[in-house]
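The values are calculated or read from the model by the stated rules, or taken from the named source; none is laboratory data. Here the structure is a predicted model, which means the values were calculated and not measured. All Cβ positions, glycine included, derive from the backbone under ideal geometry; neighbour counts span all protein chains shown. Ligands, DNA and RNA are stripped out before the accessible areas are found, and what is left, the full protein with its side chains, is counted by its heavy atoms. Shrake-Rupley method; radii C 1.70, N 1.55, O 1.52, S 1.80 Å.
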Amino acid sequence: MKKGSLFGPYVAVTALVLMLMVALVTQAPTSEAVSCDPLELSSCIDAVTSSRPPSPTCCAKLKEQRPCLCGYLKDPILRQYMSTSAAKKISTACSIPFPHC
């Protein structure tokens, strides 16, 4: 019997198990973190500056940026835009509750 042949099947099984684990982990759905970028809400400018309703793109971006809204409200520069009646109307029109932070 050759030296090391006893471990041959164990190494092959271990390698197979490791490959399956890697395949399962890479196939698992991952949640993407939201990149808090207030410029993502630029599609809402028309709704803020006019009486037009928000566009579908605006609502989609607002929903996407929802986890960031409290941070925007706490930012001294952004707060002046976020705490307006227009921002609250857009939030309502997009069926997104206005954050209370």
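In the condition set (1) assigned to a helix (DSSP H, G or I); (2) surrounded by 13 or more Cβ atoms within 10 Å (Cβ to Cβ); (3) modelled with pLDDT of 90 or more, PRO54 is compliant with all but (1). Candidates are the residues of region 57-67 that are under 16 Å from SER42 (Cβ atoms) and assigned to a helix (DSSP H, G or I); the one that is least open to solvent (accessible area, probe 1.4 Å) is CYS58.
Reported count of residues in region 68-91, each being surrounded by 12 or more Cβ atoms within 10 Å (Cβ to Cβ) and either aromatic (Phe, Trp, Tyr) or assigned to a helix (DSSP H, G or I) (or both), is 16.
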